[in-house]
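Participant: Before I ask anything, let me first share the structure, which is written out below as structure tokens.
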Amino acid sequence: MKIFIAGATGATGRLVAETLLKRGHELRVVVRSADRLPKDVRESPSVVIQEASLLDLDDYELEELTAGCQIVVSCLGHTLSFKGLYGKPRNLVTEATRRLCQAIEALRPELPVRFILMNSTGVRNRELNETIFIPQRIVIQLLCWLLPPHRDNEAAAAFLQNTIGSSQKWIEWVIVRPDTLVDAAAVTSYTVHPSPLRSAIFDSGKTSRINVADFMANLSEDDAFWKEWRGQMPVLYNAKS
């Protein structure tokens, strides 16, 4: 299976790339520097690497890179630095999601492409009318005002829900919402839920990045599993978080 990955040099994205490569898939990745990829990914003949900023690619280049890919995974995010939080592009995740969906639509694939977007439990699934207690609502509103990355994550999720929707002919999607991300050496037991069980602000749980990678790989490979979660925003927690 051919899989396109955006954000493959990030802390979670690199694990997604390694997991999918180990499972025998062919990868296409766009990274600013190939040196930041894991060595096994960087040197694999099953990986096509394009060194560029994804938003700098023109429409034709994006279409070439995504052509023939049955899965598109975005693990893009903003780095935790002043420049990463407040510098441009402030709408990195949203604009990349829009551009990638536009490329898929232009290709008109025979079967719908699975678009998997990594997001956050702080982003509400409005279609389920998820309850947010007033203190958390206030904090999230402050985050939207103070931190452009949170606004970006919310806008990216809204784009898939409202613009792509559930009846788009060429794209199906899942928005993966891990809670507080932590590192772990191996996949452990984790639980998946349609909505958060805990407050993302006042009682957050933990989700290991490698568990996120495992969940995304399962979505990519397992048709029944995909059908269970497509068009939804599943929340992941480590079993003992």
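Readers should treat all values here as calculations from the given coordinates under stated rules, not as data from a laboratory. Predicted, not measured: the structure shown is a model, and the values here were computed from it. Cβ sites come from the backbone with ideal geometry, for glycine too, and all protein chains shown count toward neighbours.
Participant: For helix 134-146, report the angle its Cα long axis makes with the longest principal axis of the Cα atoms of the chain; keep it between 0 and 90° and round to the nearest 10°.
Facilitator: Taking Cα atoms only, the helix is inclined about 50 degrees.
Participant: So, one more: How far is helix 13-22 tilted, in degrees, relative to the longest principal axis of the Cα atoms in the chain, given as a value from 0 to 90 rounded to the nearest 10?
Facilitator: The helix 13-22 is inclined about 50 degrees to the chain.
Participant: Work out how much length Ser166 to Thr188 would gain on full extension: take 0.36 nm times their residue separation and subtract the Cα-Cα distance, in nm to one decimal.
Facilitator: Roughly 4.8 nm would be gained on extension.
Participant: Let me ask another. List Phe215, Phe225 from most exposed to least, where exposure is judged by having the fewest other Cβ atoms within 10 Å.
Facilitator: Details: Phe215 24, Phe225 15.
Starting with the residue having the fewest Cβ neighbours, the order is Phe225, Phe215.
Participant: For volume of the Cα convex hull per residue in Å³, several values are listed as [x] 120; [y] 111; [z] 162; flag the one computed from this structure.
Facilitator: Matching the structure shown: [x].
Participant: Based solely on its DSSP helices, what 222 nm [θ] is calculated for the chain when runs of n ≥ 4 H residues each add -39,500 (n - 2.57) and the sum is averaged over all residues, nearest 500 deg cm²/dmol?
Facilitator: -10500 deg cm²/dmol
Participant: Related question: With charges set only on the Cβ (+1 for Lys and Arg, -1 for Asp and Glu), what does the dipole of the range 2-238 come to about its Cα centre, in debye to the nearest 20?
Facilitator: 600 debye
Participant: A further question on this structure: Considering only DSSP beta bridges where both residues belong to the chain, give the percentage that are antiparallel (nearest 5). Could the numbers behind the result be given before it?
Facilitator: Numbers: 4 of 33 bridges.
Expressed as a percentage, antiparallel bridges in the chain total about 10.
Participant: Once you place label points 7 Å from the Cα toward the Cβ at Glu228 and Gln102, how far apart are they in nm?
Facilitator: 3.6 nm
Participant: Using only Cα atoms and rounding to the nearest 10 degrees, what angle (0 to 90) does helix 148-158 make with the longest principal axis of the chain?
Facilitator: It is inclined by approximately 70 degrees.
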